[in-house]
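I have placed the structure first, in the form of structure tokens, so that the comments after it can refer back to it.
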Amino acid sequence: MRGVGWAVTYLDTATGRLSNQWITLHQDGNIAGFKPVVVMDVWEHAFLLDYKPAERPKYIEAFMSNLNVATCEARLTGKEDRPVG
């Protein structure tokens, strides 16, 4: 996909369904009431220290291979660790 922004997988808490969304600006496009499960920053600042601008696919591959699936599952089930206080 072309463009910059954020790729987000949300949980619709009303239906329990997942939805993939593309957020082009930091503050615009987030869906009220949906819970983020996976958020990937694909703005160039997220990967320029490690990859060239044209190497975004390599960054995405590295992101996915390092994704902590257990954390994502905990977000889905509501059993994520929460700070005490």
Just to verify a result, which residue in the range 1-32, among those that are part of a loop (DSSP other than H, G, I, E, B) and closer than 21 Å to Thr77 by Cβ, is nearest to the chain's Cα centre (by Cα)? Ile31
Quickly run through the range 21-35 and pick out the residues that are in contact with a strand residue (DSSP E or B) (Cβ under 8 Å, 6 or more places away or on another chain), over 22 Å from Pro57 (Cα atoms) and of a type outside the set (Phe, Trp, Tyr). Gly29, Asn30, Ile31, Gly33, Lys35
Within the range 35-78, track down each residue that is surrounded by 13 or more Cβ atoms within 10 Å (Cβ to Cβ), aliphatic (A, V, I, L, M) and within 14 Å of the chain's Cα centre (by Cα). Val37, Val38, Met40, Val42, Ala46, Ile60, Ala62, Leu76
I'd like the full set of residues that are in a loop (DSSP other than H, G, I, E, B) and closer than 21 Å to Glu73 by Cα, limited to the range 33-44. Gly33
Inspect all residues belonging to the range 15-36 and state whether any of them is among the basic types (Lys, Arg), out of contact with any Leu (no Cβ under 6 Å at 6 or more places or on another chain) and either farther than 24 Å from Val69 by Cα or in contact (Cβ under 8 Å) with a residue 24 or more places away in the chain (or both). no
Sole residue being at pLDDT 90 or above and touching a strand residue (DSSP E or B) at 6+ places or on another chain (Cβ under 6 Å), chosen from Tyr51, Tyr10, Tyr59: Tyr10
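The values are calculated or read from the model by the stated rules, or taken from the named source; none is laboratory data. Please read these numbers as outputs of a predicted model, since none were measured by experiment. In this analysis, Cβ positions are derived from the backbone assuming ideal geometry, glycine residues included, and neighbour counts consider all displayed protein chains.
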